[in-house]
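Asker: Below is a structure I'd like to ask you about.
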Amino acid sequence: MASIDQLKQDLEIRANLLGKDLVFRSTWGIFSPREIDAGTDLLLRHLDIKADEIALDLGCGYGPLGLAIAANAPQGDVHMVDKDFMAVEYANKNARLNGLNNANAYLSNGLSNVPKNIQFTTVVSNMPAKVGKEMMSIMLDDIHRQLAPGGQFVVVTINGLRDYMKRNFMDVFGYYDKVKQGKDYTISRTVKQ
């Protein structure tokens, strides 16, 4: 067993995401601190990014989705939000660590603190299973409002939420695409018409 002092040290993750070698620091108490989780990995393997993407990573954790997008969108701008202050701190630390000046993390409950004038071309989220239907309704409405026409919202969920996401995407956006279903996770995508 590791000593308490050892447990308090940052963990380091090296991963190739969207074709870019990235380094992440994480800590206990943040989602998936030891490795890039399987859902995030699956989403990134099925995500198309343009060089000038204006993106939002909703519930960013220590930043694997947002920073992978930032590394592939050098002319773009990536907003990463989380309601956990430690996640935001680590996402910003990891942006600096990887030299990604086009990515910034800040505290927000859903899109509550996201500047309302931004029109995103891509929104991604590793959607927590316990998000709750009220918060999901708020987030979907806010994302629909801030997604540019033709913009995409891509989420990974546990397979048990697949039909729930399909219903919600159809209700709010009128469009649903099941991009990929793995053993445990489903990638769902909608586009603002």
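The values are calculated or read from the model by the stated rules, or taken from the named source; none is laboratory data. Here the structure is a predicted model, which means the values were calculated and not measured. Reconstructed Cβ throughout: ideal geometry from the backbone, glycine too, with neighbour counts over all protein chains shown.
Asker: Which condition from (1) out of contact with any Leu (no Cβ under 6 Å at 6 or more places or on another chain); (2) of a type in the set (Asp, Glu); (3) closer than 16 Å to Thr190 by Cα; (4) surrounded by 15 or more Cβ atoms within 10 Å (Cβ to Cβ) is the one that Asp141 breaks?
Answerer: It is condition (4) that Asp141 fails.
Asker: Output the number of the condition that Pro33 fails; it satisfies all remaining conditions of (1) out of contact with any Leu (no Cβ under 6 Å at 6 or more places or on another chain); (2) in a loop (DSSP other than H, G, I, E, B).
Answerer: (1)
Asker: Among the residues of the range 54-75, how many are surrounded by fewer than 24 Cβ atoms within 10 Å (Cβ to Cβ), assigned to a loop (DSSP other than H, G, I, E, B) and in contact with an Asp or Glu (Cβ under 8 Å, 6 or more places away or on another chain)?
Answerer: Taking the range 54-75 first, the residues surrounded by fewer than 24 Cβ atoms within 10 Å (Cβ to Cβ) are 54, 59, 71-75.
Narrowing further to those that are assigned to a loop (DSSP other than H, G, I, E, B): 59, 73-75.
Going one step further and asking which of them are in contact with an Asp or Glu (Cβ under 8 Å, 6 or more places away or on another chain), we end up with 59, 73, 75.
Residues meeting the conditions: 3.
Asker: Oh, and also: If I ask for residues that are part of a strand (DSSP E or B) and over 20 Å from Lys83 (Cβ atoms), which ones from the range 13-24 would you list? Steps first, answer last, please.
Answerer: Initially, the range 13-24 is screened for residues part of a strand (DSSP E or B), giving 13-17, 20-24.
Passing the criteria: Ile13, Arg14, Ala15, Asn16, Leu17, Lys20, Asp21, Leu22, Val23.
Asker: Select from the range 122-153 the residues that are modelled with pLDDT of 95 or more and in contact with a Ser or Thr (Cβ under 7 Å, 6 or more places away or on another chain) and write down the one among them that is nearest to Gly66 (Cα to Cα).
Answerer: Asn126
Asker: Taking the range 55-66 only, how many residues are in contact (Cβ under 8 Å) with a residue 40 or more places away in the chain and either closer than 14 Å to Ser32 by Cβ or over 13 Å from the mean Cα position of the chain (by Cα) (or both)? Spell out the reasoning first.
Answerer: At the first step, the residues of the range 55-66 found to be in contact (Cβ under 8 Å) with a residue 40 or more places away in the chain are 55-61, 63-66.
Still in the list and also either closer than 14 Å to Ser32 by Cβ or over 13 Å from the mean Cα position of the chain (by Cα) (or both): 59-61, 63-65.
The number of residues fulfilling the criteria is 6.
Asker: In the range 115-133, how many are of a type in the set (Val, Ile, Thr) and without any contact (Cβ under 8 Å) to a residue 60 or more places away in the chain?
Answerer: So in the range 115-133, the residues of a type in the set (Val, Ile, Thr) come out as 118, 121-124, 131.
Those still in the list that are without any contact (Cβ under 8 Å) to a residue 60 or more places away in the chain too: 131.
So the answer is 1.
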